[in-house]
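A.B. asks: Quick one: structure below, then a few questions.
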Amino acid sequence: MTGHGLEARYLAASAIAREAGDLMRQRFEEREAGTYKLKGHQDYLTEADGEVERLITRRIAEAFPGDTVFGEEGGGQFSAQVWVIDPIDGTANFARGIPHFCVSIAFVRDGATAIGVICNPMTGEHFAARRGGGATLNGRAMKVSATAEMRQSTIELGWSMRRPMEHYVAMLGRVVATGAGFRRSGSGALGLAYVADGRIDGYAELHINSWDTLAGLLLVEEAGGWGNDFLANDGLARGNPVLACTPALREALVQATGIGR
Ligand code: LIP
């Protein structure tokens with residue numbers, strides 16, 4: 001693919017994310033309390049998830065008919081040029097009326113994430129990166145924090161029912177024992193975007209899906225941070241653990257979380 005092809009996809013990803021964000025915000029503001037389902041224990045689903053994903057998939061098919069799409073809700077097909085999308089990352093927040101969620105769009109070419117875009121329609125924050133081109137927030141260059149001590153750090157530890165609670169609690173205990181502060185916000189994509197923007201110093205989760213992760217991981221790497229090899233062992237289809245952080249905390253966080261060894 002020429003640079004032009006990648007540039008066109010980068011611009012399209014940003015425009016599609018904005019359009020999806022507008023639809024998401026509209027659905028959030030008009031929703032009735034309690035209108036959600038559970039796909040599984042603590043795994044939320046709203047009608048908006050499907051509607052937003054269908055919009056994104058349609059726009060990509062119109063612009064790049066030769067690419068394939070894989071989405072959290074509708075599935076799809078992986079290929080050498082595949083878009084990996086989470087229409088609403090932070091669905092539990094969306095479902096319960098908490099305005100902390102986003103759309104996450106990644107373009108993966110030949111096994112590496114080339115483009116990542118995350119849009120939070122509630123704050124108007126548009127995070128974007130292309131490999132080798134840096135990471136931006138609303139057009140401003142982003143950089144990870146300069147935090148060098150765990151005792152001065154804030155680390156987000158994502159959680160889901162996909163791994164035993166005891167493993168999460170044990171990881172939490174090891175991270176807190178380093179003196180770090182911790183949080184869990186319910187959106188892995190926004191957690192990774194916050195690492196890229198230096199608001200927090202690391203994000204770890206024992207299992208997370210590619211559609212939650214790939215765009216945010218590229219943001220971190222392009223903002224000068226470090227991330228584990230998430231796509232190893234078929235991470236694209238099966239998900240993986242994720243650890244992304246400011247470089248000075250890498251060793252301490254690998255040790256505390258057991259991710260990225
Ligand atoms: C979410 C992830 C988050 C995880 C949540 C949930 P969703 O994705 O982004 O990292 O901790 O449990 O899986 O389901 O909101 O798209």
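A.B. asks: Just to be sure before I move on: is residue 139 over 20 Å from residue 250 (Cα atoms), without any contact (Cβ under 8 Å) to a residue 40 or more places away in the chain, away from the ligand (no atom under 16 Å from the Cβ) and small (Gly, Ala, Ser) in the structure I sent?
C.D. replies: yes
A.B. asks: A further question follows. Just give me the residues in the stretch 119-145 being open to solvent by 60 Å² or more (accessible area, probe 1.4 Å), outside any strand (DSSP E or B) and farther than 22 Å from residue 91 by Cα, in sequence order.
C.D. replies: Answer for the stretch 119-145, where residues must be open to solvent by 60 Å² or more (accessible area, probe 1.4 Å), outside any strand (DSSP E or B) and farther than 22 Å from residue 91 by Cα: 131, 132, 138, 139, 143.
A.B. asks: So, one more: Among the listed residues 215, 204, 232, identify the single one that is among the hydrophobic types (A, V, I, L, M, F, W, C), without any contact (Cβ under 8 Å) to a residue 60 or more places away in the chain and within 14 Å of the ligand (Cβ to nearest atom).
C.D. replies: Exactly one residue qualifies, and that residue is 204.
A.B. asks: May I ask you to list pairs of residues, at least six apart or on different chains, whose Cβ atoms are under 6 Å apart, with the first in the stretch 59-74 being more than 17 Å from residue 110 (Cα to Cα) and assigned by TED's automatic domain parsing to the domain that holds residue 8 and the second being at pLDDT 95 or above and part of a strand (DSSP E or B)?
C.D. replies: Filtered contacts from the stretch 59-74: 60/69; 60/83; 71/85; 72/86.
A.B. asks: All but one of (1) open to solvent by 70 Å² or more (accessible area, probe 1.4 Å); (2) closer than 27 Å to residue 238 by Cβ; (3) assigned to a helix (DSSP H, G or I) hold for residue 39; which doesn't?
C.D. replies: (3) is the only condition that residue 39 fails.
A.B. asks: Of the residues 261, 183, only one is at pLDDT below 95 and farther than 30 Å from residue 68 by Cβ; which?
C.D. replies: Matching residue, one of 261, 183: 261.
A.B. asks: In this structure, is residue 244 out of contact with any Asp or Glu (no Cβ under 6 Å at 6 or more places or on another chain) and over 19 Å from residue 152 (Cα atoms)?
C.D. replies: no
A.B. asks: Take the stretch 42-68 and flag every residue that is more than 16 Å from the ligand (Cβ to nearest atom) and outside any helix (DSSP H, G or I).
C.D. replies: 64, 65, 66, 67, 68
A.B. asks: Right, something else. Using the structure shown, decide if residue 169 is of a type in the set (Val, Ile, Thr) and under 18 Å from the mean Cα position of the chain (by Cα).
C.D. replies: no
A.B. asks: Looking at the stretch 146-261, what strands (runs of 3 or more DSSP E) fall wholly within it and have at least 1 residues that are surrounded by 20 or more Cβ atoms within 10 Å (Cβ to Cβ) and either β-branched (Val, Ile, Thr) or at negative phi (or both)?
C.D. replies: 154-157, 202-208, 240-245
For (1) closer than 16 Å to residue 216 by Cβ; (2) touching a helix residue (DSSP H, G or I) at 6+ places or on another chain (Cβ under 6 Å); (3) open to solvent by 70 Å² or more (accessible area, probe 1.4 Å), each residue gets a yes or a no:
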| site | (1), (2), (3) |
| --- | --- |
| 6 | no, no, no |
| 29 | no, no, yes |
| 54 | no, no, yes |
| 63 | no, yes, no |
| 76 | no, no, no |
| 90 | yes, no, no |
| 102 | yes, yes, no |
| 112 | yes, no, no |
| 117 | yes, yes, no |
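A.B. asks: Next up: Mind listing whichever residues of the stretch 160-191 are among the aliphatic types (A, V, I, L, M) and either more than 12 Å from the ligand (Cβ to nearest atom) or without any contact (Cβ under 8 Å) to a residue 60 or more places away in the chain (or both)?
C.D. replies: Passing the criteria: 165, 169, 170, 171, 172, 175, 176, 177, 180.
The values are calculated or read from the model by the stated rules, or taken from the named source; none is laboratory data. Because the structure is a prediction, the values reported are computed rather than measured. Neighbour counts run over all protein chains shown; Cβ positions are idealised from the backbone, glycine included. Accessible surface areas use protein heavy atoms only, side chains included; no ligands, DNA or RNA. Shrake-Rupley method; radii C 1.70, N 1.55, O 1.52, S 1.80 Å.
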